[in-house]
Amino acid sequence: MKTFELGKSGVTASSVVLGLMRIGTLEDGAIRQLYTKARDVGITMFDHADIYGGSPHHCEQRFGEAVRLSAAEREAIVLQSKCGIRRRYFDFSKEHILESVDGSLAALKTDYLDVLLLHRPDALVEPEDVAEAFDALQASGKVRHFGVSNHTPAQIDLLKTAVRQPLVANQLQLSVTHAPSVAFGVAANMAGNEQSIDRDGEVVVYSRINRMTIQAWSPFQRGGPIRSIFLGDTENFPDLNVALNELAEKYAVSPSAIALAWIGRHPANMQTVLGTTSPDRLADIVPGADIQLTREEWYRLFIAAGHILP
């Protein structure tokens, strides 16, 4: 599987990340089977959050109990977690960040996180507070690298007024059907067209300039208020599914793999976060990470998904 440096961290990570938000109800054996399959197909990075599983640190705890990483295996992978979402409010206070990381480490049965992301923007964020938390976590060795999730460039720049560590990643919702971060730039200055609205401050361009890795979550969902899967939805996405199926046949992979390849084709070196709990489904999707779509194929999918070219 294709790998690249995570931001400017010096950490080499797989282009596909296994997201573990849905493992809360799985038995230990099923979690181990999923983890083993992920490693077998080349995945080296695993994504958690303190809120996954309904109660604090539940999915992290299930992972820690089921996998019980050896010292050698722990060093071979990249563990990432997120904090900042609490019940009915967001919290980037120093106290919460430090408390959350301690909870994640205990649940995951590890001494350190490779990456900690701030989960969703806190409107009441105080950058100096975040900076103190990050400094303490880095000095103690509990967190090696830091980043954000669902943040705009201006929100990132606000954090940078106090945070001195490089922010290596930004986890964003992105799929071929939900791609305002990409589609806006194609149709900029087209008055009266919804696609021409800049919804996130040119976050893709910003990320490339600042060498922040974009991690695409929900890669098979249509986005917006309707979070259904576009794969196989021939009623709402007939042209897209025809294109996915034809390219799947050409490359001898599944349509899901082609949808993954569409994200991976972007020169920003985006990672894709897969949330499946099925080892077979994982093996079905991952081959797309090694497919290099042509420009014509990438734009064919882009147009078929409903985006416009001026």
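If each of A123 and Y89 carries a label point 7 Å out from its Cα toward its Cβ, how far apart are those two points in nm?
1.2
Over 24 Å between C-alpha atoms is what I'm after, so list which of K2/K160; K94/K142; K82/K142 land there.
Those over the limit are K2/K160.
Could you list the residues of segment 263-304 with an amide nitrogen less than 20 Å from a label point located 7 Å from the Cα of D40 in the Cα-to-C-beta direction?
The answer is 274-290.
Taking the Cα centre of segment 80-157 as origin, sum charge times position over the Cβ atoms of Lys and Arg (+1) and Asp and Glu (-1), and report the length of that vector in debye to the nearest 20.
Dipole size: approximately 460 debye.
Just how far, in whole angstrom, is segment 50-72 from segment 125-152 if you go by their alpha carbon centroids?
With segment 125-152 and segment 50-72 each reduced to a Cα centre, they are spaced 21 Å.
With everything on Cα atoms, drop me the angle between helix 295-304 and the longest principal axis of the chain, reported from 0 to 90° to the nearest 10.
On a 0 to 90 degree scale, this one is about 90.
Taking every eigenvalue of the Cα gyration tensor of the chain, multiplying by 5 and rooting it, what semi-axes result, largest first, whole Å?
Working: eigenvalues 191, 119, 55 Å².
Ellipsoid half-lengths, sorted descending, are 31, 24, 17 Å.
Write down the Kirkwood hydrodynamic radius of segment 129-200, to one decimal in angstroms, obtained as one divided by the mean of 1/r over all alpha carbon pairs.
Computed over Cα pairs of segment 129-200, the Kirkwood hydrodynamic radius comes out at 14.3 Å.
Between D284 and K250, what is the label-point separation in nm under the 7 Å Cα-to-beta-carbon projection?
Taking the two extended label points, one gets 2.2 nm.
Consider a paramagnetic label point 7 Å from the Cα of D233 along Cα→Cβ; state which residues of segment 175-204 have an amide N under 15 Å from it.
175-180
For the chain, give the share of DSSP beta bridges that are antiparallel, in percent and rounded to the nearest 5; count only bridges with both residues there. Please report the intermediate quantities before stating the final value.
Values: 6 of 34 bridges.
Among the beta bridges of the chain, antiparallel pairing accounts for roughly 20 percent.
Helix-derived [θ] at 222 nm for the chain: sum -39500 (n - 2.57) over DSSP H runs of at least 4, divide by residue count, nearest 500?
Estimated from H runs of four or more residues: -11500 deg cm²/dmol.
With a Förster radius of 51 Å, plug the Cβ-Cβ distance of V242 and Q33 into 1/(1 + (r/R0)^6) and report the FRET value to the nearest 0.05.
The pair V242/Q33 has a calculated efficiency of 0.90.
So if I take the centroid of the Cα atoms in segment 170-199 and the same for segment 227-247, what is the distance between those two points in Å?
What the calculation gives is 20 Å, centre to centre.
Once you charge only the Cβ atoms, +1 for Lys and Arg and -1 for Asp and Glu, what is the size of the charge dipole of segment 218-310 about its Cα centre, to the nearest 20 debye?
The calculation lands at about 280 debye.
Using alpha carbons only, how many degrees (0 to 90, rounded to 10) separate the axis of helix 127-140 from the longest principal axis of the chain?
70
Arrange the following residues from fewest to most other Cβ atoms within 10 Å of their Cβ: W262, W298, W217.
By the 10 Å Cβ count, ascending: W298, W217, W262.
Give me S100, S55 ranked fewest to most by other Cβ atoms within 10 Å of their Cβ, as a rough exposure proxy. Mind showing how you got there, number by number?
Working: S100 25, S55 10.
Arranged by neighbour count, lowest to highest, S100, S55 become S55, S100.
Within segment 215-259, which residues have the backbone N less than 17 Å from the label spot 7 Å out from M1 along Cα→beta-carbon, could you tell me?
In segment 215-259, the label zone of M1 (backbone N under 17 Å from the point 7 Å along Cα→Cβ) covers 215-220, 254, 256-259.
Work out the length of the dipole vector of the chain about its Cα centre, built from +1 on the beta-carbon of each Lys and Arg and -1 on the beta-carbon of each Asp and Glu, and round it to the nearest 20 debye.
Rounded to the nearest 20 debye, it is 220 debye.
In terms of the Cα gyration tensor, with a ≥ b ≥ c the square roots of its eigenvalues, is segment 216-310 rounded because a/c is under 1.5, prolate because a/b exceeds b/c, or oblate?
Rounded is the answer for segment 216-310, as its axis ratio a/c remains below 1.5.
Hey, what's the per residue convex hull volume over the C-alpha atoms of segment 1-93, in cubic angstrom? Write out the running numbers ahead of the final one.
Working: hull volume 10.7 nm³, N = 93.
In segment 1-93, the Cα convex hull volume per residue is 115 Å³.
If each of V186 and T294 carries a label point 7 Å out from its Cα toward its Cβ, how far apart are those two points in nm?
Inter-label distance under the simple model: 1.7 nm.
Project the alpha carbons of segment 70-157 onto their principal axes and report the range along each, largest first, in whole Å.
40, 24, 23
With everything on Cα atoms, drop me the angle between helix 94-108 and the longest principal axis of the chain, reported from 0 to 90° to the nearest 10.
Long axis of 94-108 versus the principal axis of the chain: about 80 degrees.
Where a number appears in this text, it was derived from the coordinates with a stated rule and is not lab data. Worth saying up front: this structure is predicted, and the values here are computed from it rather than measured. Glycine also receives a Cβ, built like all others from the backbone with ideal geometry; neighbour counts cover every protein chain displayed.
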